Structure formats: C-alpha cells, structure tokens
1. Search the range 42-73 for residues being part of a loop (DSSP other than H, G, I, E, B) and at pLDDT 65 or above, and hand back the single one that is nearest to Ala157 (Cα to Cα).
2. Considering only the range 102-111, I want to know if a residue exists there that is under 30 Å from Arg9 (Cβ atoms), modelled with pLDDT under 90 and not in a loop (DSSP other than H, G, I, E, B).
3. Can you name the residue in the range 122-139 that is surrounded by fewer than 23 Cβ atoms within 10 Å (Cβ to Cβ) and of a type in the set (Val, Ile, Thr) and is also farthest from Val83 (Cα to Cα) among such residues?
4. Please go through the range 76-114 and give me each residue that is out of contact with any helix residue (DSSP H, G or I) (no Cβ under 8 Å at 6 or more places or on another chain) and of a type in the set (S, T, N, Q), ordered by number.
5. In a helix (DSSP H, G or I) and modelled with pLDDT under 90: does that describe Val161?
6. Whether any residue in the range 83-98 is under 16 Å from the mean Cα position of the chain (by Cα), surrounded by 18 or more Cβ atoms within 10 Å (Cβ to Cβ), hydroxyl-bearing (Ser, Thr, Tyr) and not in a helix (DSSP H, G or I) is what I want to check.
7. Looking at Ala126 and the list (1) part of a loop (DSSP other than H, G, I, E, B); (2) more than 16 Å from the chain's Cα centre (by Cα), which single condition is not satisfied?
8. Quick check, is Glu137 touching a Cys at 6+ places or on another chain (Cβ under 9 Å), acidic (Asp, Glu) and at pLDDT 95 or above?
Amino acid sequence: MEVRRSARRKRTVTARVEGDKVVVLMPAGLRRAEERRLVTDMLAKLARSGKRRGSRSSDAELMTRSRELSRRWLDGSAAPTSVRWVPAMTTRWASCSPGSGEIRISETLRDVPAYVLDYVVVHELAHLVVPGGHPPEFWELVRRYPRTERAMGYLEAYSRVLRSGAGATGSGGPDSPGASGALGGPDSPGGADGEGMDDLIEAGD
C-alpha cells in the first residue's frame, strides 16, 4: 500500500488500485492519527466493494473448484484428497498437508472476490506438487495463474483491514500439525486489487 499526500487536496480522500498495490491519496498536513483512521476506512471500503460470493458455500463446491483450477493451471498435477473450509486463522489464509493431500481454507476468505480465492487455492495446490517451502519451481507453478500478483496485493490490503480491527479473525493455525504448506494470513502479509473491486472510492469530510 502507498499513501500519497497532496497540498492541492483540501478535503477528499481517495483510494484506488494501481497495478499490484492500493494507493490512498489524501490532503497534506493531516495528523498521523487522522491519516491512519482514513487509510483504515478506505481499505475497509475497498475490501467491502470487492466482496463477491461465488459457488463456494460448501466443502464439496470448494473441492470441485479446486479440481477445475488444477486442471486449468497445473495440468491436473495436483490431486487433493480434500479441500475444506476451517475456522478463521490469525496467521494464515490457508494451509495444506502434502503427505495426506488435505487443503484447508480459512473462513475469512469466504467473501473475497473469486479471483482471490482462486489464487489461494492454486497456491495450496502447488504445495502438493512442490512440497516443502517456496522454491523457484513452486512460484513458477503458482504464477501460471494470471492474477497471482493482483490477488497478492488484494490480500495485503485485506490483511491491513483485519489487523486494524475493521474485520474479524479467529484463533489458531492449521488444524493439522502435519501441515507444511501455508499461505500467510491477516498477521502475515500476503499481497492487490482486482476484478470485483471498485477502481476508485472517495470519502469527503
């Protein structure tokens, strides 16, 4: 995220997406506390404007979507045994256990734009193909998904909103101690804007 201050701005605060980051434009001379409040408000509005429910209300639908994503972007090389929603996690958006083929997605992501959820799923699917950390070959797989950078930016902004208290998260980490692949969550910045998110949101005093 980037904050830009302008002496020409008198009252209007604007938040917009530029490439892979969120830019907040505001008048120069504001107190830091007021800046923080306005930034939090703008990020919350961007997150709300980007919310879009897809067909993801059940674990079965999530599993079906995961198989489609594996076929489309990973040549079907990732074959999860289960993909399911789990209670909100404070430090990660999702996790997987390559040994068992299980993937767990945080409930916090139920309402994000579809392309963001798809990125998270592709990220975890890639861990099934390249287990153990995030080596270059892992990212080569993940970046086959064309909206990777945009989704990472969205998650970065969303994590700021959640950490600021504008959203809520649950406690805990992966529900299985064997999880070796995990995608950073609200307390572990991940990264953008994207489809479903307004290009421009303004707030005046």
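1. Of all residues in the range 42-73, those part of a loop (DSSP other than H, G, I, E, B) come to 51-58.
Applying the additional criterion that residues be at pLDDT 65 or above yields 57-58.
Values: Ser57: 24, Ser58: 26 Å.
Filtering first and then ranking leaves Ser57.
2. Initial filter on the range 102-111 (under 30 Å from Arg9 (Cβ atoms)): none.
Checked against the condition, which is being under 30 Å from Arg9 (Cβ atoms), modelled with pLDDT under 90 and not in a loop (DSSP other than H, G, I, E, B), the range 102-111 yields no hits at all.
3. Going through the qualifying residues, I end up with Val130.
4. Residues satisfying the conditions are Thr81, Thr90, Thr91, Ser97, Ser100, Ser106.
5. Working: in a helix (DSSP H, G or I): yes; modelled with pLDDT under 90: yes.
Spelling it out, Val161 is indeed in a helix (DSSP H, G or I) and modelled with pLDDT under 90.
6. Yes, the range 83-98 contains at least one residue that is under 16 Å from the mean Cα position of the chain (by Cα), surrounded by 18 or more Cβ atoms within 10 Å (Cβ to Cβ), hydroxyl-bearing (Ser, Thr, Tyr) and not in a helix (DSSP H, G or I).
7. Status for Ala126: all satisfied but (1).
8. Details: touching a Cys at 6+ places or on another chain (Cβ under 9 Å): no; acidic (Asp, Glu): yes; at pLDDT 95 or above: yes.
Spelling it out, it is not the case that Glu137 is touching a Cys at 6+ places or on another chain (Cβ under 9 Å), acidic (Asp, Glu) and at pLDDT 95 or above.
The values are calculated or read from the model by the stated rules, or taken from the named source; none is laboratory data. Since the model is a prediction, treat every value here as computed from it, not as a measurement. Here the Cβ is made from the backbone with ideal geometry for all residues, glycine too, and neighbour counts use every protein chain on show.
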